[in-house]
Every structure is written in C-alpha cells, then in structure tokens.
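Some notes on the structure that comes next.
The values are calculated or read from the model by the stated rules, or taken from the named source; none is laboratory data. Given the structure is predicted, the values throughout are model-derived calculations rather than measurements. Neighbour counts are summed over all protein chains in view; Cβ atoms, including those assigned to glycine, are modelled from backbone coordinates with ideal geometry.
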Amino acid sequence: MNGTTTPVLRAAGITKTYRSRPSLAARVTRTDSRADLRALDGVDLELRRGEVLALVGESGSGKSTLAKVLVGSTSPSAGSLEHDGEPVPASRGKDASRRIQMVFQDPYSSLNPRISVASMLRELLLLHRVVPRSQVRAESVRLLNLVGLEEDALDAYPSQFSGGQRQRLAIARALAVRPDVLIADEPVSALDVSVQATILDLFARLQRDLGLSVLFIAHNLAVVQHLSQRVAVMYLGRIVEVAETGELFANPRHPYTRALVDSIPRMRAGSVNEEFVLEGEPPSPYDVPAGCRFNPRCPYAVDACRSVDPALETVAAGHLSACLRAADLPPFQSSPDPASSIDRADVREELLEELPEEPTHTRSTAP
Ligand SMILES: Nc1ncnc2c1ncn2[C@@H]1O[C@H](COP(=O)(O)OP(=O)(O)O)[C@@H](O)[C@H]1O
Ligand code: SF4
Ligand SMILES: [Mg+2]
C-alpha cells in the first residue's frame with residue numbers, strides 16, 4: 001500500500017503507562033505504593049505525506065512521550081502504528097529506524113561534543129550506506145548547505161556553534177539518512193525569538209523542497225500558526241481536536257483549543273517561548289477525571305460531561321473534535337491580534353535591522 005491518500009504515519013489507540021517506583025517507606029514495609037501514570041491514553045493521529053502537522057498542548061500532556069513512541073525509542077503499552085500503510089513491528093530494524101528521525105529541543109544534548117561535524121556525518125552516511133565512501137564529503141557539504149551552513153562547518157565541533165546553528169546541525173544529521181518523516185520535539189522552544197523565526201523558515205523550506213512529512217511539536221499555538229498545514233491539540237494524553245490550521249484558528253471546536261487560541265495575543269513577540277498555562281486545577285495523569293477529561297476546567301461543561309468520555313469524531317470536513325458539545329458551542333469570537341503573534345516576515349526584518357548575523361563558530365574554542 002503506497003497510495004497518496006495513505007498517511008505516512010498512523011497511530012491508533014496508542015497508550016503508554018508508566019509505573020512509578022515505590023517509595024523507600026513502601027519498600028521497607030513491603031507495601032505497594034506504586035501508581036500508574038497514563039501518559040498517553042488512546043491517541044489517534046495521522047500524519048499525511050508532505051505536510052507539517054503541529055502537535056500542541058500544555059507541558060505534561062504527553063507530546064514527548066508520543067514522539068518517542070512514534071520514533072521507536074519507547075514502546076507503547078497498547079495500540080498500533082503504521083508507516084506507509086504497513087504495520088510497524090515492536091522491534092524495528094535499521095531501515096525502519098532510519099525512516100523516522102527526531103530533532104530535539106536541546107540540540108546540544110543530542111550532539112556528541114567530541115565528534116567533529118565531518119566525522120558525525122561520515123559515520124551516519126557510511127553506516128546507512130547512503131552514498132559510497134568517495135562521495136561522503138560532497139554529500140556532507142550538500143547536507144550542510146541544505147540547512148543553511150557552509151562547508152567550513154565540517155571541521156568544527158558542536159561547542160563552536162550558536163544555538164540556532166546547533167539546531168541546524170541536528171537537522172542536517174537527521175536528514176543525512178534520508179528519512180521520510182521528521183519528528184521535531186519543540187525544536188525552537190529554547191531559541192531566541194529572532195533565531196526561532198529563521199529555524200521555522202528552515203522547516204518550511206525543507207517541507208517545500210524535500211517533500212518531507214513533519215510532526216512539529218510546540219507548547220503554544222503562536223509558534224506554529226504560519227508553519228503547519230494542520231494542527232492536532234493534545235490534552236492529558238489524548239488528541240482532542242484536529243483541523244487545518246486556518247480552520248482551527250477561526251473556528252475551534254473544542255473548549256481547550258479555544259483557550260489556546262485566546263492565549264495567543266498574550267504571547268507577545270518577546271515571550272513566545274512562554275508556555276500556555278490554562279487557569280484552574282492543573283490536570284494529573286495519575287488521576288484522569290471521569291467523563292470528559294477536560295470537564296473540571298471547561299466553561300461549557302454540562303452534566304453529561306462528567307460521565308461520558310467523548311471520542312474524537314468528525315464535526316466538519318477534515319475537522320475532528322472530542323467534545324460532546326462540539327456542534328452547539330457558541331460562535332467563536334476571539335481572533336488573535338495578528339500584530340502580536342509571531343509574524344515571521346516581521347521578525348526577519350527586525351533581525352536584519354537590529355541584530356548581527358547569528359554568531360558563527362569560532363575556531364578558538366575547539367576542544
Ligand atoms: N520515563 C517516564 N517515567 C515516568 N513518567 C514519565 C516519563 N516520561 C514522561 N512521564 C510523565 O508522562 C507525562 C507526559 O510527559 P511528556 O510526554 O514529557 O509531556 P510533554 O512533552 O507534553 O510535556 C508527564 O506526566 C510526565 O511526568
Ligand atoms: S465534552 Fe463537555 S467538558 Fe468536555 S470539552 Fe466538551 S463541553 Fe467541555
Ligand atoms: Mg515534551
């Protein structure tokens with residue numbers, strides 16, 4: 001199966017339960033004080049070929065756990081995964097692992113400081129037999145250029161790069177093995193806003209030029225507004241809404257998404273790294289509320305919400321919501337103030353006017 005309508009990645013009913021370690025007191029008294037923490041609780045999600053799909057939700061909602069399950073670094077407790085319409089086996093071979101690559105929030109922790117860029121790329125290109133040995137250098141330069149770095153970066157070490165450049169390097173490393181899916185877990189959350197805009201631009205370019213399918217994780221909606229074609233919203237281990245980006249912003253059909261969209265004007269350009277935090281009792285994955293998991297914080301909750309757990313269902317073409325009242329929510333009023341969300345063109349102009357170029361690596365700090 002490889003039709004154009006087959007999603008490149010499909011997750012169905014993915015659950016991930018962590019068992020906490022017993023406390024010292026419980027170990028001494030041999031009582032079992034462990035509790036199950038359900039980080040993912042039946043996640044359904046499809047990544048379409050060639051799209052940027054944003055995954056957004058508060059800290060602790062399970063975004064990174066889902067990323068790890070998709071990339072195969074942790075196994076789900078239940079549920080199934082398909083890649084290109086084929087089931088993904090519990091233990092992935094080298095090729096299956098190669099095809100889904102991950103980029104992390106902190107590029108430095110994912111790059112070995114003692115290995116030069118040339119060695120890092122050479123090792124990967126040869127291990128995965130991407131090109132013959134004679135073409136390794138040319139391929140390495142091509143990869144660096146693809147992410148906006150120059151050939152001279154080959155001789156440098158990760159510590160010699162700025163934060164934004166390290167993220168470019170991490171992206172080049174992920175691309176080296178020619179994946180068809182890139183999972184980016186908050187790749188700009190730790191960067192300055194001006195650098196953020198350039199990295200967002202890079203993702204948009206890679207999607208356009210390479211036809212890459214990208215799952216882009218962020219903790220607020222402002223970051224992904226201009227990058228993603230679709231948005232999936234996560235709450236307490238579940239996907240609660242999925243829609244095309246414009247539709248999601250104009251007509252959110254889940255009260256949690258409405259709160260996320262409403263929060264955008266507060267995410268001023270200088271504070272886009274700020275995390276969206278909803279008022280009310282923060283949810284705990286140890287104790288998921290009965291009925292709709294959002295009901296204790298929901299301004300639209302009715303009695304049924306405390307007993308019925310809503311499934312993620314189609315509410316309009318291409319628009320899914322897990323809300324019992326999705327069809328009778330009042331019209332959505334608030335529209336984000338466009339001047340206050342991140343406009344990449346504005347930020348880029350600002351960058352050119354006010355900031356020096358991203359500092360380039362300096363040879364003097366070579367280890
Ligand atoms: N290895 C782990 N062991 C136990 N609990 C974990 C582990 N990883 C994540 N969690 C818990 O799972 C929940 C989801 O975490 P995470 O996936 O990191 O969320 P997010 O990326 O959205 O912030 C959190 O409550 C977190 O504490
Ligand atoms: S089902 Fe009820 S509590 Fe849940 S989001 Fe919809 S209105 Fe709110
Ligand atoms: Mg995370």
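Does Ala118 satisfy the criteria of being closer than 25 Å to Arg208 by Cα and either out of contact with any strand residue (DSSP E or B) (no Cβ under 6 Å at 6 or more places or on another chain) or within 16 Å of ligand 2 (Cβ to nearest atom) (or both)? So that I can check it myself, show each step before the final result.
Working: closer than 25 Å to Arg208 by Cα: no; either out of contact with any strand residue (DSSP E or B) (no Cβ under 6 Å at 6 or more places or on another chain) or within 16 Å of ligand 2 (Cβ to nearest atom) (or both): yes.
The answer is no for Ala118.
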Task: Residue satisfying condition, being at pLDDT 95 or above, buried (at least 18 other Cβ atoms within 10 Å of the Cβ), closer than 30 Å to Ser194 by Cβ and among the hydrophobic types (A, V, I, L, M, F, W, C), within set Leu351, Leu248 - done: Leu248
Task: The one condition in (1) in contact with a Ser or Thr (Cβ under 9 Å, 6 or more places away or on another chain); (2) at pLDDT below 95; (3) surrounded by fewer than 24 Cβ atoms within 10 Å (Cβ to Cβ); (4) not basic (Lys, Arg) that Val223 fails to fulfil - done: (3)
Open item on the list: Please determine whether any residue of the range 59-66 is away from ligand 3 (no atom under 16 Å from the Cβ) and surrounded by fewer than 18 Cβ atoms within 10 Å (Cβ to Cβ).
Closed with: no
Task: Search result, residues across the range 44-83 that are assigned to a strand (DSSP E or B) and touching a Gly at 6+ places or on another chain (Cβ under 8 Å) - done: Asp44, Ala78, Gly79, Ser80
Open item on the list: If the requirement is being aliphatic (A, V, I, L, M) and under 30 Å from Ala250 (Cβ atoms), which of these qualifies: Val147, Val188, Val131, Val177?
Closed with: Val188
TODO: Of all residues in the range 39-69, count the ones that are modelled with pLDDT of 95 or more, within 10 Å of ligand 1 (Cβ to nearest atom) and not hydrophobic (A, V, I, L, M, F, W, C).
DONE: 5
Open item on the list: Here is a check on your reading of the model: is Leu81 of a type outside the set (Asp, Glu), away from ligand 1 (no atom under 13 Å from the Cβ) and more than 28 Å from Glu244 (Cβ to Cβ)?
Closed with: no
Open item on the list: Given the condition surrounded by 16 or more Cβ atoms within 10 Å (Cβ to Cβ) and of a type in the set (Asp, Glu), answer yes or no: does some residue in the range 143-154 qualify?
Closed with: no
TODO: Examine the range 122-134 for a residue that is more than 30 Å from Thr6 (Cβ to Cβ) and not in a helix (DSSP H, G or I), and state whether such a residue exists.
DONE: yes
